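Computed from the coordinates by the stated procedures, all read-outs in this text should not be read as laboratory data. For clarity, every value in this text was computed on a predicted model and none was experimentally measured. A quick note on method: Cβ atoms are made from the backbone with ideal geometry, for glycine too, and the neighbour counts reach across all protein chains shown.
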Amino acid sequence: MTHHLPAGRAQAGPYLVDVTPESAGWAHSSLRVLVLEPGGTHTFDTGDSEWIVLPLSGGCTVASADDFGHESFDLTGRTSVFDGVSDFAYVPRDARATVTSAGGGRFALTGARCTRRLPARYGPASGVPVELRGTGNCSRQVNNFGAAAPAGGGDGQGFECDKLIAVEVITPGGNWSSFPPHKHDEHRPGEESVLEEVYYFEFADHEGVPGLGYQRVSPSGPGRDTDVLAEVRDGDVVLIPDGWHGPSMAVPGHHMYYLNVMAGPEDERAWLICDHPDHAWIRDTWPDQPVDPRLPLYTAPERSA
């Protein structure tokens, strides 16, 4: 199994990226990246999966039709992943979805096999929790558009899905994120959940020079032997069925973006992780350092009255 898929390796049909459970060799998580020319349209059947349509650049209209009715949502979108939070649309399983873009753009379709059919919904950009995680050169920004509610209730924030968990992470140039390395490949109630994960990367250029970064995944135990040390660039994908993942390293001068898509067999939809014991201590140093002053790169827009 090749866990690092350079740009173009996962291309299929109309999709720049087409990661399915079958192509990844697992059971739950999917990611597609769709490119539409101005005036372009694309229709797909959701099948046994729920999907969130997230603009990476540009805006679109998402229509969902099934036996229960028809819904349509206009997504304002954004210029790029480095320019702002985007609104998004949730499309349920057993439906037909159509994405249409007057101005053209790139759109991520994040999916997960699921059991429950939830209603089609619009997710406003103003409702996306923007979190600053870590400090110092471990500072990063997390846009929790498709996150599960925090374990134990927390502040109650999260977007309801049956199985799908999806977030965006922005790492300023020179910083490390997904650090300390962590894993979610064992079922330990209340402590760790089993989740397959996709990383999809984009980078900010500098005066026309493309960016790049590095991604590490290391084996976490017998039978969990995923091992990756990859130079990653725009459009690259890393598949993480198991293992310690991190750091994700952004080279100086180029901000790194990655989209995380997760799903698994757990009854509870929860992001429960275990830090690598050799590196967990780094969290204890964070209160003594300031957050990188470059963050937040942007915040969610104010809610309309």
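A few remarks follow.
- Listed residue (SER49, LEU34, PRO219) projecting farthest to the positive dipole end of region 4-288, Cβ model: LEU34
- The magnitude of the dipole of the chain, with charges of +1 and -1 set on the Cβ of Lys/Arg and Asp/Glu and taken from the Cα centre, is near 340 debye.
- Taking 12 Å as the cut-off, the amide N atoms of region 120-135 that come nearer than this to a point 7 Å along the Cα-to-beta-carbon line of TYR298 belong to 125-126.
- Whole-angstrom gap from region 27-77 to region 217-259, using each part's C-alpha centre: 27
- Amide H contacts of GLY174 (H built 1.01 Å from N, under 5 Å, at least 5 apart or other chain): ALA250, VAL251, GLY253, HIS254
- Among the trypsin sites (Lys or Arg not before Pro) in region 109-191, those placed in a DSSP loop whose Cβ has at most 13 other Cβ atoms within 10 Å are ARG116.
- The calculated 222 nm mean residue ellipticity attributable to helices in the chain amounts to 0 deg cm²/dmol, summing -39500 (n - 2.57) over DSSP H runs of n ≥ 4 and dividing by all residues.
- Region 154-277 shape via C-alpha gyration tensor axes, a/c threshold 1.5: prolate
- Rounded, prolate or oblate (a/c below 1.5 giving rounded, otherwise prolate when a/b exceeds b/c) for the chain by Cα gyration tensor: rounded
- For ASP236, nonlocal amide neighbours, meaning residues 5 or more places apart or on other chains whose placed amide H falls under 5 Å from its own, are ALA7, PHE201.
- Between GLN141, GLN289, GLN11, the Gaussian network model of the chain with springs among Cα atoms under 10 angstrom shows the greatest mean-square fluctuation at GLN289.
- Dimensionless Rg/Rh of region 1-93 - Kirkwood Rh, Rg from C-alpha atoms: 0.97
- Phi angles of region 199-207 translate, via the Karplus equation with coefficients 6.51, -1.76, 1.60 and θ = phi - 60°, into HN-Hα couplings of 10, 10, 10, 9, 9, 7, 7, 9, 6 Hz per residue; Gly and Pro are given as x.
- Distant-in-sequence amide contacts of LEU118, defined by a placed amide H-H separation under 5 Å and a gap of 5 or more residues or a different chain, comprise ARG93.
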